[in-house]
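Engineer: After the structure tokens below, expect a handful of questions from me.
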Amino acid sequence: MTITMTAFENSPDRGQGLARDMRVRWALEEVGQPYEVRLLSFKAMKEPAHLTLQPFGQIPTYEEGDLVLFETGAIVLHIAEQYSGLLPQDTDARARTITWMFCALNTIETPIIDLQNTKILERQKPWYEERLPLVEQRIHHVLRPLSIRLGYAEWLDGPFTAADLMMVSVLIRLKPSGLLGDYPNLSDYVARGEARPAYKRAFAAQLAVFRAASGG
Ligand code: GTB
């Protein structure tokens with residue numbers, strides 16, 4: 001069955017791989033499933049045809065036969081459950097993988113999104129300079145224990161899984177902030193994720209979309 005996902009026609013990150021379609025592309029590349037991408041303008045994302053697939057008018061979505069999914073975490077989990085390569089066979093190991101996926105999206109990504117919103121939306125506020133270090137502190141509050149738990153391990157829980165795909169994708173969002181620099185093992189962990197051939201294929205595919213949209 002053909003898999004179709006949606007992505008930005010013209011990604012605001014200029015093809016740096018920060019938009020969430022990258023996570024779905026990466027998962028599909030890891031499990032070796034071909035996919036098609038329907039590109040959407042910001043206007044099309046808010047129109048009824050897309051809102052029936054994604055009630056919030058966002059990307060990515062995932063269509064496979066009659067199945068329509070939104071929420072990147074749910075999409076990546078579905079791919080991992082459907083195709084082999086991203087979830088362990090052992091029941092307990094599977095549950096731990098899913099735990100780390102939730103951890104990436106709930107515990108780690110939440111303060112990172114707060115930092116990005118602060119920098120983009122609140123820069124002009126009179127309290128911006130006072131608030132910024134508090135938001136950064138909340139990120140250190142979750143990065144420190146994550147760094148301690150990862151230690152010198154290659155991946156979070158044994159071999160590479162959907163948990164690492166999600167955690168690396170979330171940590172990548174921190175690169176422009178420089179905050180990862182305080183945690184060399186997390187920086188190395190991100191670099192290991194980015195070095196995977198599946199990551200590179202996904203990154204190249206989304207970058208090609210941006211280059212085509214910007215005329216080269
Ligand atoms: N919880 C949803 C999920 O995980 O699928 C969130 C989806 C989401 O935030 N989608 C964003 C979107 O469609 C794109 S990825 N935004 C348009 C809108 O809401 O109108 C978030 C994103 C966007 C841009 C950058 N960037 O430029 O660096 C990074 C991340």
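Engineer: Quick check on segment 110-122. Is at least one of its residues basic (Lys, Arg), more than 17 Å from the chain's Cα centre (by Cα) and either at positive phi or surrounded by fewer than 14 Cβ atoms within 10 Å (Cβ to Cβ) (or both)?
Structural biologist: So far as segment 110-122 goes, no, none of its residues is basic (Lys, Arg), more than 17 Å from the chain's Cα centre (by Cα) and either at positive phi or surrounded by fewer than 14 Cβ atoms within 10 Å (Cβ to Cβ) (or both).
Engineer: If you don't mind, another one. Collect the residues in segment 57-81 that are free of Cβ contacts under 8 Å to residues at least 12 places away in the same chain and either assigned to a loop (DSSP other than H, G, I, E, B) or away from the ligand (no atom under 15 Å from the Cβ) (or both), keeping them in residue-number order. Walk me through how you get there before you give the answer.
Structural biologist: Residues of segment 57-81 that are free of Cβ contacts under 8 Å to residues at least 12 places away in the same chain, as a first pass: 66-67, 69, 71, 74, 81.
Selection gives ASP66, LEU67, GLU71, GLU81.
Engineer: Restricting to segment 163-176, what's the tally of residues that are over 19 Å from PRO111 (Cβ atoms) and either within 14 Å of the ligand (Cβ to nearest atom) or open to solvent by 10 Å² or more (accessible area, probe 1.4 Å) (or both)?
Structural biologist: Counting residues in segment 163-176 that are over 19 Å from PRO111 (Cβ atoms) and either within 14 Å of the ligand (Cβ to nearest atom) or open to solvent by 10 Å² or more (accessible area, probe 1.4 Å) (or both) gives 1.
Engineer: Then there is this: Among the listed residues TYR62, TYR83, which satisfies the condition of being open to solvent by less than 30 Å² (accessible area, probe 1.4 Å), aromatic (Phe, Trp, Tyr) and within 15 Å of ARG25 (Cβ to Cβ)?
Structural biologist: Exactly one of TYR62, TYR83 is open to solvent by less than 30 Å² (accessible area, probe 1.4 Å), aromatic (Phe, Trp, Tyr) and within 15 Å of ARG25 (Cβ to Cβ), namely TYR62.
Engineer: Would you confirm whether or not segment 89-104 contains a residue that is within 30 Å of GLU129 (Cβ to Cβ) and within 15 Å of the ligand (Cβ to nearest atom)? Write out each step before concluding.
Structural biologist: Filtering segment 89-104 for residues within 30 Å of GLU129 (Cβ to Cβ) gives 104.
Next, only the ones that are within 15 Å of the ligand (Cβ to nearest atom) stay: 104.
The answer is yes; a qualifying residue exists.
Engineer: With touching a Leu at 6+ places or on another chain (Cβ under 7 Å), within 24 Å of GLY85 (Cα to Cα), in the same structural domain as MET101 (by TED's automatic domain parsing) and open to solvent by 10 Å² or more (accessible area, probe 1.4 Å) as the only criterion, which of LEU186, LEU156 stands out?
Structural biologist: Values: LEU186 fails: open to solvent by 10 Å² or more (accessible area, probe 1.4 Å).
From the options LEU186, LEU156, the qualifying one is LEU156.
Engineer: Same structure, new question: Evaluate the following for GLU9: is it of a type in the set (Asp, Glu), within 12 Å of the ligand (Cβ to nearest atom) and over 14 Å from the mean Cα position of the chain (by Cα)?
Structural biologist: On the way: of a type in the set (Asp, Glu): yes; within 12 Å of the ligand (Cβ to nearest atom): yes; over 14 Å from the mean Cα position of the chain (by Cα): yes.
Yes; evaluated as a whole, the condition is true for this residue.
The values are calculated or read from the model by the stated rules, or taken from the named source; none is laboratory data. Note that the coordinates shown come from a computational prediction; the quantities given were computed from them, not determined experimentally. Positions of Cβ are generated from backbone atoms using ideal geometry, with glycine treated the same way; all protein chains shown enter the neighbour counts. What goes into the accessible areas is simple: the full protein's heavy atoms, side chains included, and nothing from ligands, DNA or RNA. Shrake-Rupley method; radii C 1.70, N 1.55, O 1.52, S 1.80 Å.
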